[in-house]
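Read the structure below first, then the notes.
The numbers here are math on the coordinates, done by the rules we state, and not lab data. This structure is a prediction, so every number in the text was calculated from the model and none was measured. FYI the Cβ positions are ideal-geometry reconstructions off the backbone, even for glycines, and counts take in every protein chain you see.
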Amino acid sequence: MIDLSQGTPVDPTPQAIQIALQSASNAPGYPLTTGSEELRGAIKKYCRDILGAQGDFDVLPTIGSKELVASLAYLLQRSKVFIPKIAYPTYKVGALLAHAQITEVDINPQSWPASDEKTLIWVNTPSNPTGYVHTIEEMEAALAKRASGALLVSDECYFSFPDRKNPISFLSAAQGDFTRLITVHSLSKRSNIAGYRSAFIAGDPELIGELLQLRKHAGEIMPAPIQRATVTALADEEHVRQQAERYRVRRSRAIPALIKAGFKIEHSQAGLYIWCSNGLSDWEQVSWFSERGIIVTPGSFYGEQGAKNIRIAMTATDQNITKFIERIS
C-alpha cells in the first residue's frame, strides 16, 4: 500500500538541525516555558522577516501545534467556538474539551453569526484539508470581527508551501494591531521535524502572557534541546524553499494523472494536499484507490461538507508518487 492519507513528512530532517539537537543534549536543568532568549529572538525575527509582522507582538513556543489547538479554548475559557465547515478535526475536539458551543461557518466572514468576548474563531490558511488560501479581503473581514470582543486564531501551519497562490499571514494583514489575534505556526512540515514537536504562537501580548502563566503550571514546556534545534531551523529558509519545491513538483505530477482518471481538483492552491472528487461518495472513492493499493483520506473526516471529496497527501517519496501515478493510470 502507498499511504497518502497522512500529512507526515517523509523527507530527511536537514543535517544542521540534527546537529543542533545533538549538541544541546546535555540539558540537566528545566527550560523556560517562555523560551530561551535565543529562541524568542529567532521566532520574533522570523515573524518580522518572513511573516510580515509589524509593531508590538509577543511569541510563545509550544510542544507542536496540535496540543495548542486542542487546549486553547479550554485555557482561555471561551464558551463559543467558530470553526470552518471543512476543517482540521482538532478545532472541534478543542471546543468539546472546553464544553463550548460549536458553530460551523463558511469561509466568508460576512456570513458569520454574531460573536462576543466569549467567542473563539478559528481560521486556517492555507487550509487543511482543502489547500484554500484566504484572500486579503477575507482576512480583513475576519480581523474586523474582533471588534465584538471575539478572539481570532489563525492556523498557518502550511504557510511555507505556496503553489498556485502565495499565502499571507494574519500577522501581516493585521498591520500592527494584534489585539485579540493569535497565529499558530509549526516547524513539523516546514523543516521536516514532526518528530521534534516544535511550534509557536505569535500575536496579542496580553493573551500570550495569560497563556504563558497557565502553561507554566501545566508543564507545557518545549524541551531545551528542541528549543536549540528550532533556533537553527528558523535561521535558514533555503531548506524550506527546497522542501516547498519538492511538494510543488509532486503536486504538478499527480494532478494531471488524477484529472485523466476522472477527478476534479478543488482549491489545492498551497500546502501539502490535493482536495478532489470524482462525484461519488468519499468512501466509494477511498475504496477505488484502495483497490489500486493506495490509501487516501475521506473528506467527511473534516466535516459533512467534505462527504463528496477526498484528501491526498503529497508527503510521499518521489518513487511512491511515481507508483501512485502508474496505479491510477
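Assorted remarks:
- Extended-chain gain in nm, criterion 0.36 nm per residue less alpha-carbon gap, residue 238 and residue 304: 19.9 nm
- Relative contact order [Cα under 8 Å, 6+ residues apart], the chain, whole percent: 26 percent
- Calculated [222 nm] ellipticity per residue, helices only, for the chain: -11000 deg cm²/dmol; basis is -39500 (n - 2.57) per DSSP H run with n ≥ 4, divided by all residues, nearest 500.
- Here r is the Cβ-Cβ distance between residue 116 and residue 8 and R0 is 41 Å; the resulting FRET efficiency, rounded to 0.05, is 0.60.
- The mean of 1/r over all pairs of different alpha-carbon atoms in the stretch 148-194, once inverted, gives a Kirkwood hydrodynamic radius of 12.0 Å.
- Residue 280 paired with residue 327, simple spin-label distance in nm, labels 7 Å along Cα-to-beta-carbon: 1.5 nm
- Tail beyond 38 Å, pair distance distribution of the chain (Cα, percent): 14 percent
- Extension gain from residue 45 to residue 266, taking 0.36 nm per residue of separation minus the Cα-Cα distance: 76.1 nm
- Between residue 25 and residue 97, the FRET efficiency estimated from the beta carbon spacing at R0 = 41 angstrom works out to 0.75.
- Fluctuation leader among 233, 254, 87 - the chain, Gaussian network, Cα springs under 10 angstrom: 254
- Relative to the current alpha-carbon distance between residue 291 and residue 108, full extension at 0.36 nm per residue lengthens the span by 62.1 nm.
- Gyration tensor verdict on the stretch 123-180 (Cα atoms; rounded if a/c is under 1.5, prolate if a/b is larger than b/c, oblate otherwise): prolate
- Simple label model, 7 Å out from Cα along Cβ direction - residue 319 to residue 257, nm: 1.5 nm
- Within-12-Å neighbourhood charge of residue 178 [Cβ basis; K, R +1; D, E -1]: -3
- With 22 Å as the limit, the listed pairs 66/92; 85/216; 45/92; 118/145; 165/308 have 85/216; 45/92; 165/308 beyond it between alpha carbons.
- Computed from the C-alpha gyration tensor, the three semi-axes of the ellipsoid equivalent to the stretch 38-197 are 22, 18, 16 Å, from longest to shortest.
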